Amino acid sequence: MAELRTVDETTLLARAEAIRQGEGIVAYTVQVPELDPLAVLETLDEPAPRGYFENPSRQRAHAAGSPVASWSGRGPARFAEADRWLRQLHAQVSCVGGVPRVIASFPFYPGDGTQGLDARLFLPAWQVVTEQGITQVTLTEHATKGCAARLAIRAEQFRRFAYRSTPPPPRSPVPTVLSEVGGNWFPSAVRRATELIREGAFEKVVLSRAFDWRRAEPFNTYATLHRLRRANQPCHSFLVDEPEGALVGATPETLLSLFDGAVRTESVAGTTRRGDSASEDASLAEALLTSDKDLREHSAVTASILRRLKMVGVLAATSRNPELLRLGNVMHLRTPIEGTMPADRRFLEVAGELHPTPAVGGKPRDLALPFIPGFEPHARGLYTGAVGWVGADGLTGKLFVALRCARLDGPTARAFAGAGIVAGSDPQAEATETEMKLRTILEALI
């Protein structure tokens with residue numbers, strides 16, 4: 001059987017190399033013995049950019065690195081421009097065994113010619129995807145002479161992959177006091193936001209806080225990811241690289257998922273803490289499910305997502321009543337939303353319509369978003385942006401909202417957390433909510 005596999009591999013790859021005639025890219029996807037993508041990423045330990053996404057509860061993990069082709073851009077049309085590049089890329093790739101995934105990151109702000117962060121797509125030279133115990137490796141090479149043989153050799157290396165064990169140093173205790181960017185600005189900003197809401201400037205605005213943790217030794221990106229995935233099984237652990245460091249986190253929110261024409265997204269808004277006993281936890285859950293303030297906030301997010309899906313022709317988008325999303329130290333109101341993708345629409349087209357949702361920006365979007373830079377004393381970067389992957393054909397993909405995260409840059413970690421401000425918001429309660437959310441990432445940092 002091993003010999004037959006080699007013959008088939010050689011034939012298919014040689015054919016793909018011949019088709020390209022020295023131009024473009026050849027992609028090869030092959031099943032290998034089960035691998036842990038995070039352990040692969042840590043063993044290879046390549047420079048940025050990298051991508052890592054995992055949902056432990058669903059036994060799905062994806063690691064990637066070493067760009068073979070990439071795109072960057074900014075501005076209001078960035079999703080459309082990214083999709084145009086994706087079409088061009090797909091036309092240049094000959095695939096053996098399946099369509100490769102392209103790593104994607106879109107900052108919260110579109111950016112312009114003078115400020116902001118670029119959106120980025122890149123086709124990895126290698127990626128490892130494990131789902132339900134089955135591992136596939138996708139390798140890409142420029143279609144120069146001999147690329148078929150090189151891909152076959154690289155595939156064999158992954159079939160025989162050997163991890164390198166690198167235990168992290170002892171963990172430093174989380175400091176009692178962190179340095180907040182901008183000082184004590186948040187309470188007055190919440191009061192001013194509620195005044196603007198009363199005046200009719202907007203219905204909701206999301207304000208985020210940033211905290212710096214500095215220490216003598218560097219933070220360990222891979223060990224932090226490992227702690228995140230162990231402690232946050234229902235969430236999506238992730239790593240994406242920014243110019244100023246690696247953004248790592250465990251987000252509870254999917255922006256958009258598209259497989260076989262099925263569209264899935266969700267409304268996640270409304271938060272309370274977890275109780276210290278079963279009875280307290282149940283009481284807090286009941287209070288959240290009946291909270292007028294939280295239900296109004298959640299309803300606004302759900303309605304906005306449904307409306308924007310309809311605008312791009314997503315058919316039969318439906319939502320159920322809010323349910324509880326119970327996490328380690330907080331719980332949220334969550335409404336799953338599903339629909340059917342029209343045949344003439346593409347993944348990034350729909351994602352661009354949804355991002356940013358009112359859960360991380362505000363409502364109405366066009367009225368609320370311009371106020372945020374005047375409030376926040378820090379740059380969000382990829383925090384509250386969209387991170388994940390899209391199929392090179394533009395017809396499948398999964399993007400997550402970058403929440404519960406920190407940017408790691410050597411011995412400095414900048415952690416982010418935010419809260420939705422609506423009519424009736426209390427500054428102290430909103431500050432407490434952001435501090436609860438911070439615990440997810442702070443307790444994982446190594």
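The values are calculated or read from the model by the stated rules, or taken from the named source; none is laboratory data. This structure is a prediction, so every number in the text was calculated from the model and none was measured. Note that we place each Cβ from the backbone using ideal geometry, even for glycine, and neighbour counts take in every protein chain shown.
Points to keep in mind about this one:
- Which listed residue is part of a strand (DSSP E or B) and either modelled with pLDDT under 95 or over 15 Å from the mean Cα position of the chain (by Cα) (or both), from VAL248, VAL263, VAL240: VAL263
- Positions within the range 190-222 being in a helix (DSSP H, G or I) and closer than 14 Å to GLY424 by Cα, in sequence order: VAL190, ARG191, ARG192, ALA193, THR194, GLU195, LEU196, ILE197, ARG198
- Out of ALA431, ALA351, ALA359, sole residue that is modelled with pLDDT of 95 or more, surrounded by 23 or more Cβ atoms within 10 Å (Cβ to Cβ) and either among the hydroxyl-bearing types (Ser, Thr, Tyr) or assigned by TED's automatic domain parsing to the domain that holds VAL206 (or both): ALA351
- Test: residue in the range 113-130 that is assigned to a loop (DSSP other than H, G, I, E, B), more than 26 Å from the chain's Cα centre (by Cα), on the phi < 0 side of the Ramachandran plot and touching a residue at least 60 places away in the same chain (Cβ under 8 Å): no
- Taking first residues from the range 309-323 that are closer than 15 Å to GLU349 by Cα and partners that are loosely packed, with under 12 Cβ neighbours inside 10 Å, the Cβ contacts under 9 Å between residues at least 6 apart in sequence or on separate chains come to GLY313/ASP344.
- Residues in the range 319-344 that are buried (at least 18 other Cβ atoms within 10 Å of the Cβ), more than 12 Å from GLU266 (Cβ to Cβ) and basic (Lys, Arg): there are none.
- Among helices (runs of 4 or more DSSP H) entirely within the range 1-101, having at least 3 residues that are modelled with pLDDT of 95 or more singles out 37-44, 78-91.
- Qualifying residue in the range 6-15 (condition: among the charged types (D, E, K, R) and within 21 Å of ALA392 (Cα to Cα)): yes
- Top-ranked residue of the range 267-299 - restricted to ones that are surrounded by 22 or more Cβ atoms within 10 Å (Cβ to Cβ) and out of contact with any helix residue (DSSP H, G or I) (no Cβ under 8 Å at 6 or more places or on another chain), ranked as modelled with the highest pLDDT: HIS298
- For ARG404, the stated conditions hold: it is at positive phi and surrounded by 24 or more Cβ atoms within 10 Å (Cβ to Cβ).
- Listed conditions (1) more than 30 Å from ALA201 (Cβ to Cβ); (2) charged (D, E, K, R); (3) at pLDDT 95 or above are all met by ARG404, apart from (1).
- Test result for THR302, β-branched (Val, Ile, Thr), in a loop (DSSP other than H, G, I, E, B) and within 27 Å of LYS437 (Cα to Cα): no
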